Structure formats: C-alpha cells, structure tokens
1. Can you compute the modelled spin-label distance between I238 and K290, with each label point 7 Å from Cα toward Cβ, in nm?
2. Want the number for Y311 to S154: 0.36 nm per residue separation, take away the alpha-carbon distance, what's left?
3. Evaluate the distance, in nm, between pseudo-label points positioned 7 Å from the Cα of Q277 and of L126 along their respective Cα→Cβ axes.
4. Hey, quick one: spin label on A256, modelled 7 Å out along Cα-Cβ, who in segment 311-354 has an amide N within reach, i.e. under 11 Å?
5. Pull out the extension gain between S217 and R349, defined as 0.36 nm times the separation in residues minus the alpha carbon to alpha carbon distance; nm, one decimal.
6. Given the pairs K296/K338; K161/K188; K133/K338; K287/K338; K196/K296; K111/K196, which span a C-alpha to C-alpha distance of over 20 angstrom in this model?
7. Report the gain in length on full extension from S60 to K196: 0.36 nm times residue separation, minus Cα-Cα distance, nm rounded to one decimal.
8. In segment 333-350, which residues have a backbone nitrogen under 15 Å from the label point lying 7 Å from E362's Cα in the Cα-to-Cβ direction?
Amino acid sequence: MWKWAFVILLGIFIGTLLLVTNRDSDAATPPVPNQIPSDIPALGLTRDEINNIEIFSRVSPSVVHVANQQVVRQRFSFNVMEIPRGSGTGFVWNDSGLIVTNYHVIHGANKVIITLQSGESYDAELVGFAPEKDIALLRIDAPDLKPITLGDSSDLVVGRKVLAIGNPFELDTTLTVGVISALGREIKSLDNRTIKNVIQTDAAINPGNSGGPLLDSNSRLVGVNTSIISPSGASAGIGFAIPINTVKKIVPQLVAHGRLFRPILGIEVVPDSFAQQRRIKGVAIRKVQKGLPADKAGMVGIREDNRRNYYLGDVIIAVDNEPVINEDTLLSLLEQHKPGDIVKVTTLRDDEIMHYEVTLAEPGQ
C-alpha cells in the first residue's frame with residue numbers, strides 16, 4: 001500500500017517541477033510578436049524592447065520631415081532666393097495626402113517641403129491652420145501614403161508609456177520613449193491663446209520634434225508634440241503634446257473652412273490691456289454689430305453722450321455660469337458650442353448684473 005502512495009507522491013512532485021520549469025522558461029523567452037521586422041534578432045530582447053521596435057517599424061513610414069522655406073531679396077539686388085527658415089515634423093493623416101503638423105513649424109513660410117521616410121520630397125499645399133491650437137494642415141500629392149492610426153486621448157493616465165517620433169536637430173526619424181508625466185496642462189499658442197488639456201511627457205522632445213506624433217504602446221496616435229520647457233532650449237524632460245481628441249475636432253474644420261469655425265456673439269471687444277489698465281474685470285464690449293445675436297438680445301457697447309464723454313456698456317463676466325476673465329477665456333467658452341446653440345451670458349452694466357439668452361450665429365453673418 002505504501003508503495004502506491006510513494007508512486008503517487010513522486011508523480012505529483014515531478015508534475016509540479018515540470019510546471020515551474022515551463023513557467024520559468026516562458027518568462028525567460030517571451031513570445032515574439034509577428035509584427036517585429038524579420039531582420040531584427042529577437043533573442044535576448046525584453047517584451048518592452050520588442051514593443052518599442054515594432055511601434056517604430058509600423059509608424060515611422062507615416063512620419064514626415066517638414067521644411068519651412070522663405071523667399072528673401074538680397075540687399076541692393078533684384079535677386080530673389082529661397083532660404084530655409086526652419087524645420088519640424090508632421091505625419092500622414094489620411095491616404096488622400098493630408099499632413100498634420102504644428103502651426104509654428106510652417107509660420108511665415110512661402111513654401112513648405114515635405115520629405116517622406118523614403119527620401120522623396122513634395123511641395124505642400126496649405127489646406128488650413130489654427131494658430132490658437134498650434135495646428136496646421138497640409139496636402140501633398142504622393143502615392144502609397146500610410147496614414148497613422150488614431151487613438152483616444154481620453155484613455156490616458158499618468159504613468160502610461162508613450163513614444164515620440166520626430167526629426168530633432170534635423171536628425172530624421174528619431175525615436176524617444178517616456179511616460180505621461182501629467183494631464184490637463186495649459187500652454188500658450190503663438191498668438192497667445194491658451195491651449196487646454198495638454199499632455200505632459202518626459203519622452204525627449206527637442207527642436208525639430210514639433211508636429212510629430214506621440215504614440216501609445218499600441219502604435220496609436222494620442223498627441224501632437226508641440227513644445228518644451230527648458231532653460232537651454234533642449235529637452236529637459238518636460239514636453240507637451242496637443243491631445244488627439246482636440247486634433248480630431250480641428251482637422252474637419254480646416255478641411256471645410258481653412259480655419260476654426262467658431263460661433264459668434266457679434267461683438268467687438270475692448271483689448272485686454274486697456275481693460276487691465278482700468279481694472280475692468282471681464283470682457284468689455286466696445287461695439288455691438290447690428291442684427292447679430294448680441295444686438296438682438298439687447299446688449300450694448302461703449303456709449304457716448306453729447307459732451308463726448310464715454311461710458312462702458314456691457315462687460316461680460318460669465319458664459320453659462322463659467323467666469324470670463326479675458327478675451328481668451330471668452331473665445332474658449334464659445335468654442336465649446338456650435339452656431340444655433342443658446343448660451344446664457346452674464347454681464348455687468350452700470351453696476352447692475354444683467355442676464356441674456358443669446359443664440360449663437362455662424363461667422364460671416
């Protein structure tokens with residue numbers, strides 16, 4: 001009887017030993033994804049390294065070099081020449097030739113040249129731009145373009161791995177890896193507008209990376225690299241990217257209108273600097289345009305009496321109960337709506353709080 005018990009115990013021991021050995025073997029040699037390039041030896045690579053390699057292999061053909069060319073006239077001469085103004089990065093949005101980059105990359109350009117990973121270069125057509133979001137949309141006529149796969153920036157969390165591909169210091173198609181350091185940051189655009197909900201990352205972003213893709217570990221685009229904070233001008237581990245969900249809203253408007261299609265109140269406002277000097281809190285209306293929403297609602301601008309004395313009219317202090325501090329915040333609140341939406345506008349006029357319901361109109365009306 002004891003012999004059978006010994007055999008059973010020996011069988012259990014051997015089976016457990018084999019199971020542990022198999023587990024250790026699996027951990028030491030992870031399965032290699034099919035997407036890894038066949039010319040790269042997989043032996044000794046970690047799962048994370050394999051992930052980095054396959055993402056770069058899959059996405060880099062979608063990343064382009066953007067060159068900003070400007071025309072200058074030589075002094076005391078009629079000769080006109082093109083000189084490089086700067087360069088950056090972009091990526092293929094769709095197979096019809098749309099290229100997304102930063103507005104500041106192509107700002108002031110007389111010509112923009114797009115160079116693909118293959119080395120082929122094309123003159124780009126400007127489709128539209130949104131300086132307030134630092135996004136520009138170009139188009140090239142090139143065959144066999146490979147669009148980038150779009151992700152969802154609402155899924156991002158701090159600590160998640162991200163990868164950047166770009167052309168820092170004109171070193172083309174460079175990969176850097178990091179994590180999401182923070183979400184919900186705010187940065188200023190070239191025209192001093194606030195860009196909200198920006199992604200912060202420690203993936204190295206240097207001059208030339210601007211306009212390039214920020215990717216998640218599934219090769220999906222989650223942001224457009226745009227700027228850094230650095231005392232030296234080089235990467236200091238604090239880079240910023242515009243979320244892809246913001247870009248998804250911008251691109252269709254640039255295709256349709258060439259610019260952001262923001263609904264309007266139909267007002268001209270006093271410059272923020274003037275308001276600050278006079279300690280005006282909110283956005284003071286300089287002029288109400290006749291027949292447009294603010295006029296129909298009864299709002300008024302600056303008034304003048306017979307003695308040429310001027311008096312403030314409505315000063316906008318809130319939209320839909322959200323405080324309005326300056327013109328930037330007013331425009332940001334309006335961008336959340338579309339023409340035809342009804343918004344509640346709160347103003348201060350002659351020390352009295354006024355409430356209006358205003359139906360927003362399309363630009364150009």
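1. 5.2 nm
2. Working: separation 157, 0.36 × 157 = 56.52 nm, distance 4.60 nm.
Length gained, Y311 through S154: 51.9 nm.
3. Reported label-point gap for Q277 and L126 is 3.2 nm.
4. Of the residues in segment 311-354, 338-339 have backbone N under 11 Å from the label point off A256.
5. Gain on stretching S217 to R349: 42.2 nm.
6. On the way: K296/K338 18 Å; K161/K188 25 Å; K133/K338 18 Å; K287/K338 22 Å; K196/K296 32 Å; K111/K196 30 Å.
Correct reply: K161/K188; K287/K338; K196/K296; K111/K196.
7. Working: separation 136, 0.36 × 136 = 48.96 nm, distance 2.78 nm.
Full extension from S60 to K196 adds 46.2 nm.
8. Only 338-341 pass the distance filter.
Read-outs: derived from the displayed coordinates by stated rules, not from any lab. Keep in mind the model is a prediction, meaning the values are calculated, not measured. When we count neighbours, we look across all protein chains shown, and the Cβ atoms used for this are built from the backbone with ideal geometry, even at glycine.
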